[in-house]
Structure formats: structure tokens, C-alpha cells
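What follows is a set of notes on a single structure, which appears directly below.
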Amino acid sequence: MEEEKGTTGSINLSLNGKDEKINLSGQVHHLPCCIKFNCPCTVSQYFKPKLKGMEIDGLAVEEAHFRRRKLQGTTISLPNGYAGIFFVGGGFNGFLQAVLAKNNSGKRKACDASEGNSNDWEMKAKFDKLTYWNHDTPPSKDDPFLRSFYWFTVAEAIAVEGCMHGDLDKVYDTIKYIENTRNIKIDLLLCCGDFQAVRNERDMDSLNVPPKYWEMKSFWKYYSGEEVAPVPTIFIGGNHEASNYLWELYYGGWAAPNIYFLGFAGVVKFGNIRIGGLSGIYNARNYCLGWVWYHVREYDVHKLMHLEEPIDIFLSHDWPLGITNYGNWQQLVRYKKHFKDEIQQGTLGSKPAAQLLEKLKPSYWFSAHLHCKFTALVEHEEGGRVTKFLALDKCLPGRKFLQIVDIESDPGPYEYYYSTRTSELTTAILMCRRTQLGMQDCRQWVKSRIEDREAKPCEFSQTAPPHNPSHSVSNTTFSGSPRNPQTVSFLELLDLPYVLDNASDSRDTPASLPRKGDIPIEDEDEIEDDADPNNENRSS
């Protein structure tokens, strides 16, 4: 039997003679239809895209009409290191003949395949941007066409977790299981509060939970170095925390190696993703007071309101007030029946969180606290930006406590940096301390100080002995918080005084640290909802 010969061809990426590459950026369109027409036509005379003046997922929405059919799309840039190229030859007959005329040799026209060499291709034009169109739905990062570009860029897989309640081992084991079964690599874990960073028995003195929940759990292993977090972890505080330890890191810092606390109000940059957060829950009675350990303060919210631009991800423990108006609240109340009255009265959620949502307009907002999964899509009036909201449950079998989210990011390695927006946040602190400086002077001064340190947070250091299972520790009352070197270094960087142990300054510190017997438990039902047989928020 005669062996079948293979087909050979060539691709010429060089341009000879006086020809120059034609840049078709801004003229390349991906339409949601098939056009059975391969001759030149005056497209620009009839096809006239225009901006709508709104953004979704950070994409500027455009509008056009094709044969009286409305189209909505967006123009995107190709990933770094990639270029769009038009070839001629290979039997291709298309509109390029009108643009390219003849090839360099002059032997045949660009789209003439009748002279042979149909497998020889020659570059004639390039582009670095293109516009893709949907029929009548706005563009979104979830569109299959746009998601296909994740093969070219690095899509950072972020795991979002609801209430941790000290179960780090279980959450990390779940992440490893997902990585193995889905064959993916998770780059970051975000926890939305109730982290319970309990280092030792003494930390139990300030743990805000009912006595039957006093348990060491597993954070101490990561604090001591016995275990290392397998994925970088960022968390905020909730209303069930070991408050004495988090008070040491009021401005944020490493709670353990590879585990970062955002502080009571903070912003960091992980790779090129900017992440902000607010610790605690809202209580109207205490909002304007000096400090109640697990309640949000007006002072901290005020600092975050100084951020001038939207950030990528924001974390809060309780939900923004009114967020249920943007999701399927009817389904929510089927398994959380006691939410119905609060939703209808407009009292479910945090008013300060709603103010921050309106001001910052982040692409993603993640919350926990209410021990159920809920999603919403908030379209902001000004600028047309859209925030994707997700609330998750706590770590229990069969509960929806973890979700993977893909967010486009630059290639690694991923490191923590003080965000440029932190300059604005710390500027707000400076304005409270350095009233003689103007806003712009503060921003420039903070920026220069952070750049001097290369914008990286300090390294982790222990400030208390970790739990030792082989030794019993006497149950003595905790009487104060040591000065954490990370906080001291941060304040020295900004030339700010250390006031966290100054009881006379009620704005920045409580009169005394709480003890077990002094801690009021406002929402014990929220902790104990696992025993509710009507709780139907189960994983499918």
C-alpha cells in the first residue's frame, strides 16, 4: 500500500520590502452570528459602536446595531505577551484583500488561493485589541468568550470561606480535596470573620462565645509553627474572636506564618488584587462609642471611606444593609424564616457596610455571620459598576461554607504589599493626629514612607507562648495585651504614637480588656443554629 504523503506548509512572520504591518486595533470585532459574505464592504458606514457610559465587572459597555439587532459588547486588550495577527494564503478568501492589496512579491493577490501554495501563510496585519459582542445582554467576565482568555492570562483561584470558628484544619483539608479532585491550584483563602485565633488557654479569657464553645480548635498549631498554612490566608474579625490577640494587630499583620489579619479596617495588595476589609458587626448603640470589642466603630468606617477608588474585593462579617433587595430573598426566608420580618422592615444587615458598598463599589463583596449562603448582584447607579455579593455558611459537614472564585491576576509569585490605597487610609489616620498637614501633603508623605520599606508588611513574630497539649496552663485572667512588634514597626513607619494600651484615649482603646464573665453574648442563637432542625441550608 502506497504511503500517504503528509501536507506541508509555511508561515511567514516577517515583512519584506517597504510594506509595513497594518494595525487593525479598534477595527476587529467578534460578532455573535455567522456572516456568509466574503467581499469588501463599507462596514464603518453602517456599523457604529458607541459607549453606553456604564461599567460591568470593570468592562466599559458599548452598544451597536447589526441588521436592526441590538448588540452589547466591550473592547478588551490582548494579554501581555500576545498579539493578534492576520494571515493571508492557505486558501483564505476574506475581506483582507481590500486592506492588503497584493503580497510582497506581487505574484498573487492576498486572497487568491488558486495559484497553489495554499498551505503557505504570510502575516499582513496585527492587532492588540478587539471588541466582542453579545446579542442584547451586557458583557460580563463570566461570558465564555472572555473566560477563554484565562488560558492566556493567570486566573487566580481564590477560596472564600464563611465563618471559620477555629476549624483551620478542616478548611485546609477541604481546599486540598478540591485541588486534587478538580486538578486546580488555589492561590489564596479569604475568611469572612469569626476566625478565632486562639493561641493558648489564656486567649480563652477574651473569646466571645458561650462557655460550652470554649475549645482550643486548631489555630495554635499554625501559630506555633507545628503546621503551616498550605495556602496564603487573609481574614477579618467577626463577633466571636479572641479579641486580646487581634487588638495587638489593630492595624493588621501576620497572625501566624502565611496567615494575615486585615486589621479592624485595612487594605492590602496580594499580587495585583486589592483587598479591603472591616472587622466586627454593627450595633447602633455602640457605633459612635470608644470601643466595644466585636462592634464596628464609626472611626474605622471613616478611615475606609477615605479610599478614593473602588477596590477589587471587600470583606465584612455581617451583610450590608439592604443587600437582600438585590438577590432572591424569597428563597432565603424559606430556610431562614426568622429573617423575613427584618428583610421586610429593612433592618437586616449593617448600615455602615451599606455605606461602604455604595462608596467603594468593589467588584466582589464577601460576608458571613448569618450562617447561610446568599448571592446578590448590585448594579451601582453612578458609573454603572457592578458588585457581586456572596455570603457563606460556617465550616460544618453539608454546609455551604466554601466557594472558589476565579479572578484575573498577573502571574505570580504572589506577595503581600501595602496597597497604594492604604496610603489614603493611613492618611486619614494622619489627619486625626497631624492636623497641621494638608490632605495632599499627608498622602505624599505616607506614600514615600511606604515605598522606602518596599511596601511590604513586617514579618510574623510570636508575642505569647502557644498551646502545649502535654502541659496544663493555669486559668489565670488575662490582664493586658503586649505590644506586637509588627504594630510598633507600622506606627514607627508612619511616625504615629502607640496608643493601643492607653486607657485614657477612649477613641482608640477600651478601658480594660474583656474577661469571660464580662462578655455579653447577643447572638447565642446564631451560634447554636446547627441544632435547628428547620435549617435547610445544606450543600447540594
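The values are calculated or read from the model by the stated rules, or taken from the named source; none is laboratory data. What you see is a predicted model, and the numbers here were worked out from it, not measured in a lab. We place every Cβ from the backbone using ideal geometry, glycine too, and count neighbours over all the protein chains shown. Just so you know, the surface numbers come from the protein's heavy atoms only, side chains and all, with ligands and any DNA or RNA stripped out. Shrake-Rupley method; radii C 1.70, N 1.55, O 1.52, S 1.80 Å.
Please specify each residue of the stretch 336-358 satisfying the condition of being open to solvent by 100 Å² or more (accessible area, probe 1.4 Å) and in contact with a Phe, Trp or Tyr (Cβ under 7 Å, 6 or more places away or on another chain). Selection gives Lys351 alone.
The number of residues in the stretch 42-65 being closer than 21 Å to His380 by Cβ and either part of a strand (DSSP E or B) or open to solvent by 50 Å² or more (accessible area, probe 1.4 Å) (or both) comes to 11.
Per the conditions (1) open to solvent by 10 Å² or more (accessible area, probe 1.4 Å); (2) closer than 24 Å to Val231 by Cβ, the sole criterion not satisfied by Tyr294 is (2). The requirement of being aromatic (Phe, Trp, Tyr), outside any strand (DSSP E or B) and either open to solvent by 20 Å² or more (accessible area, probe 1.4 Å) or out of contact with any Ser or Thr (no Cβ under 8 Å at 6 or more places or on another chain) (or both) is fulfilled somewhere in the stretch 321-332, by at least one residue. When residues in the stretch 474-498 are screened for being at pLDDT 70 or above and farther than 18 Å from Thr463 by Cα, 6 of them pass. A residue that is open to solvent by 10 Å² or more (accessible area, probe 1.4 Å) and farther than 30 Å from Asp57 by Cβ occurs nowhere in the stretch 136-156.
Residue-level check: of (1) farther than 21 Å from Cys163 by Cα; (2) touching a residue at least 24 places away in the same chain (Cβ under 8 Å); (3) not polar (S, T, N, Q), Cys288 misses just (2). Do we have any residue at all in the stretch 209-220 that's touching a helix residue (DSSP H, G or I) at 6+ places or on another chain (Cβ under 8 Å), open to solvent by 10 Å² or more (accessible area, probe 1.4 Å) and not in a loop (DSSP other than H, G, I, E, B)? Yes, the stretch 209-220 contains at least one residue that is touching a helix residue (DSSP H, G or I) at 6+ places or on another chain (Cβ under 8 Å), open to solvent by 10 Å² or more (accessible area, probe 1.4 Å) and not in a loop (DSSP other than H, G, I, E, B).
The lone criterion from (1) outside any loop (DSSP other than H, G, I, E, B); (2) crowded, with 20+ Cβ neighbours inside 10 Å; (3) modelled with pLDDT of 70 or more left unmet by Asp173 is number (2). Residues in the stretch 253-269 that are open to solvent by less than 10 Å² (accessible area, probe 1.4 Å) and either assigned to a loop (DSSP other than H, G, I, E, B) or closer than 17 Å to Val209 by Cβ (or both): Leu262, Gly263.
Among the conditions (1) touching a helix residue (DSSP H, G or I) at 6+ places or on another chain (Cβ under 6 Å); (2) open to solvent by 10 Å² or more (accessible area, probe 1.4 Å); (3) more than 24 Å from Gly266 (Cα to Cα), the only one that His306 does not satisfy is (3). Checking each residue in the stretch 379-388 for being open to solvent by 10 Å² or more (accessible area, probe 1.4 Å), touching a strand residue (DSSP E or B) at 6+ places or on another chain (Cβ under 8 Å) and assigned to a loop (DSSP other than H, G, I, E, B) picks out His380, Gly383, Arg385. Only one entry in Ser206, Ser243, Ser224 is open to solvent by 40 Å² or more (accessible area, probe 1.4 Å) and either over 30 Å from Asp501 (Cα atoms) or touching a residue at least 12 places away in the same chain (Cβ under 8 Å) (or both), namely Ser224.
Could you grab me the full set of residues in the stretch 270-291 that are surrounded by 22 or more Cβ atoms within 10 Å (Cβ to Cβ) and of a type outside the set (A, V, I, L, M, F, W, C)? Once the filter is applied, which keeps residues that are surrounded by 22 or more Cβ atoms within 10 Å (Cβ to Cβ) and of a type outside the set (A, V, I, L, M, F, W, C), the stretch 270-291 yields Arg274, Gly276, Gly277, Ser279, Gly280, Tyr282. Being in contact (Cβ under 8 Å) with a residue 40 or more places away in the chain, surrounded by 19 or more Cβ atoms within 10 Å (Cβ to Cβ), touching a helix residue (DSSP H, G or I) at 6+ places or on another chain (Cβ under 9 Å) and more than 20 Å from Gly280 (Cα to Cα) holds for only one residue in Ala376, Ala391, and it is Ala376.
Of Ile311, Ile275, all but one fail to be touching a strand residue (DSSP E or B) at 6+ places or on another chain (Cβ under 7 Å), farther than 23 Å from Gln196 by Cα and touching a residue at least 24 places away in the same chain (Cβ under 8 Å); the exception is Ile311. Arg68 meets the conditions (1) at pLDDT below 75; (2) open to solvent by 80 Å² or more (accessible area, probe 1.4 Å); (3) not small (Gly, Ala, Ser) in every case but one. The failed one is (1). Name the residues in the stretch 71-98 that are outside any loop (DSSP other than H, G, I, E, B) and either at pLDDT 85 or above or over 22 Å from Pro40 (Cα atoms) (or both), would you? Within the stretch 71-98, Leu71, Gln72, Gly73, Thr74, Thr75, Ile76, Ser77 qualify.
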